[in-house]
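Data first, discussion second: the structure below is written as structure tokens.
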Amino acid sequence: MLNLDFLTSEDAPNSNEVSAVSQDGELCLRFDVPSGNEFALPASGVREVMSVYLDRITPIPNASPFLLGTYNWRGQVIWVADIGQFLGDLVLVNTDQNEVTVLIVEEQELVMGFAVRTVANTEWLDVDRMLADDPQIPAAMTGFVKGIYPATSPDAPPLHLLDRVAILRSSHWTI
């Protein structure tokens with residue numbers, strides 16, 4: 001279940017403003033893709049998390065293979081992408097189901113939907129714990145990962161903190 005505790009503040013109980021940076025780190029949204037790999041995005045760039053009926057996503061012929069199609073989000077037509085596939089995962093988003101979870105991500109004038117398997121929670125990630133480099137990062141992820149947080153248990157995958165600006169502005173989206 002998505003933890004929305006970050007939406008309230010003890011200092012300003014009636015305020016709608018959300019601070020995404022604190023002394024404890026940066027507020028991030030954790031999610032995973034169909035392969036089970038775990039990722040996080042800074043919450044400041046995530047506008048909405050929603051379930052979208054797949055028949056509402058319009059496929060576009062000859063588009064990038066990462067793109068599922070377009071979706072009308074609040075009157076604006078946006079691209080919806082399989083973010084796992086974009087990052088090099090071989091397991092694709094399941095399009096045989098009725099719905100898919102989509103993160104609406106924004107950077108200035110760019111808005112895009114990232115299809116994911118599940119959203120885990122929001123979490124304050126400590127920048128001091130982040131590892132800058134990992135030789136295990138697949139080539140497809142290079143340039144899109146800000147850093148890696150070590151796995152919390154031996155059977156858990158590491159958490160990759162993504163750079164939404166680099167993803168949204170990537171040349172991989174060109175048709």
Report summary line: If we keep only residues of segment 40-54 that are of a type outside the set (Val, Ile, Thr) and within 10 Å of LEU103 (Cβ to Cβ), then the residue surrounded by the most Cβ atoms within 10 Å (Cβ to Cβ) is LEU41
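Yes/no matrix, rows are residues, columns are (1) of a type outside the set (A, V, I, L, M); (2) at pLDDT below 90; (3) within 17 Å of PRO65 (Cα to Cα); (4) in contact with a strand residue (DSSP E or B) (Cβ under 6 Å, 6 or more places away or on another chain):
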position: ASP89; (1), (2), (3), (4): yes, yes, yes, no
position: ARG117; (1), (2), (3), (4): yes, no, no, yes
position: ALA120; (1), (2), (3), (4): no, yes, no, yes
position: ASP128; (1), (2), (3), (4): yes, yes, no, no
position: ALA132; (1), (2), (3), (4): no, yes, no, yes
position: ALA140; (1), (2), (3), (4): no, yes, yes, no
position: GLY147; (1), (2), (3), (4): yes, yes, no, yes
position: ILE167; (1), (2), (3), (4): no, no, yes, no
position: ILE175; (1), (2), (3), (4): no, yes, yes, no
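Among SER64, SER35, which is the only one that is among the small types (Gly, Ala, Ser) and either part of a strand (DSSP E or B) or farther than 22 Å from ASN98 by Cβ (or both)?
From the options SER64, SER35, the qualifying one is SER64.
From the list TRP73, TRP124, pick out the single residue that is in contact with a Ser or Thr (Cβ under 7 Å, 6 or more places away or on another chain) and either among the aromatic types (Phe, Trp, Tyr) or crowded, with 21+ Cβ neighbours inside 10 Å (or both).
TRP124
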Query raised in the report: Taking only pairs six or more apart or across chains, which ones have beta-carbon atoms under 6 Å, a first residue in segment 55-66 that is closer than 20 Å to GLY88 by Cα, and a second residue that is of a type outside the set (Gly, Ala, Ser) and modelled with pLDDT of 95 or more?
Result: PHE66/ASP82
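The values are calculated or read from the model by the stated rules, or taken from the named source; none is laboratory data. Worth saying up front: this structure is predicted, and the values here are computed from it rather than measured. Quick reminder, even Gly has a Cβ in these numbers, built from the backbone with ideal geometry, and neighbours come from all protein chains shown.
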